[in-house]
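Reviewing the structure listed below.
The values are calculated or read from the model by the stated rules, or taken from the named source; none is laboratory data. Just so we're clear, the structure is a prediction, and the values are computed from it rather than from any experiment. Here the Cβ positions follow ideal geometry from the backbone for every residue, glycine too, while neighbour counts run over all protein chains shown.
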Amino acid sequence: MKKTLCLASNSPRRRELIRYLNRPFVTFSVDIDEKSNSNDPVEYVREIANEKADAVLEQRGMGDDEIVITADTCVAVGGEIMGKPGNRAEGFEMLKKLSGKTHTVSTGVVILNKLGGTVMRHCLCETTRVTFAELSDGEINEYLDTGEYADKAGAYAIQGAFSKHITGIEGDYNNVVGFPAAAVYELLKTIE
């Protein structure tokens, strides 16, 4: 029998995408300070995902019949890493910087699997390139009025009202939503 997947995330998008793995899962959240000193998007998301995994082990623990999954996503453009906007003004600035450009969306995932009492840690990172159309201030404000930008890396949701401004995507679409289901599925096959 396959182990239960334990997704440590508050993200409704990740909770929806983990369903595609077609196996039992539970979700919960852990509290960490999502800060990193890294300027490299891949290192940044790996560090945060690892901190979340450490917090799961410290705050909740894990059973022998569980596989714990943590993840973090960031947007990067021109050497700047963008997390979630703290307010509308930050959301506006983020979308202004992304307007008319191609940026990367990176998601780091950590999978913890307990074998014989020992916790094995597996990490992966998926990066997707996304291109925005040139946005007017009016278009940015119209999108911000939807409220979708809140709690989204880079201040947008590719699967929502902003989709009309996406002119190109290279890589895993689900990764941009926040959970690279295909890469996670393939990694799970190798560790079980």
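Which condition breaks for residue 57 when tested against (1) surrounded by 14 or more Cβ atoms within 10 Å (Cβ to Cβ); (2) over 17 Å from the mean Cα position of the chain (by Cα); (3) over 15 Å from residue 179 (Cβ atoms); (4) free of Cβ contacts under 8 Å to residues at least 24 places away in the same chain?
Failing condition for residue 57: (4).
Quick check, is residue 95 modelled with pLDDT of 95 or more, buried (at least 17 other Cβ atoms within 10 Å of the Cβ) and more than 20 Å from residue 121 (Cβ to Cβ)?
Criteria met by residue 95.
With respect to residue 115, is the statement that it is more than 14 Å from residue 50 (Cβ to Cβ) and out of contact with any helix residue (DSSP H, G or I) (no Cβ under 6 Å at 6 or more places or on another chain) true?
yes
Between residues in the stretch 160-179 that are within 17 Å of residue 150 (Cβ to Cβ) and residues that are aromatic (Phe, Trp, Tyr) and in a loop (DSSP other than H, G, I, E, B), which pairs lie under 9 Å by C-beta distance while being six or more apart or on different chains?
Sorted first by the residue in the stretch 160-179, then by its partner, the pairs are 162/149; 162/156.
List the number of the failed condition for residue 68; all other conditions in (1) hydrophobic (A, V, I, L, M, F, W, C); (2) assigned to a loop (DSSP other than H, G, I, E, B); (3) more than 24 Å from residue 154 (Cβ to Cβ) hold.
(2)
Please determine whether any residue of the stretch 145-154 is of a type in the set (Gly, Ala, Ser), touching a helix residue (DSSP H, G or I) at 6+ places or on another chain (Cβ under 7 Å), touching a residue at least 24 places away in the same chain (Cβ under 8 Å) and outside any helix (DSSP H, G or I).
No: the stretch 145-154 contains no residue that is of a type in the set (Gly, Ala, Ser), touching a helix residue (DSSP H, G or I) at 6+ places or on another chain (Cβ under 7 Å), touching a residue at least 24 places away in the same chain (Cβ under 8 Å) and outside any helix (DSSP H, G or I).
Can residue 81 be described as outside any loop (DSSP other than H, G, I, E, B), touching a residue at least 12 places away in the same chain (Cβ under 8 Å) and under 12 Å from the mean Cα position of the chain (by Cα)?
So residue 81 does not fit the description; no.
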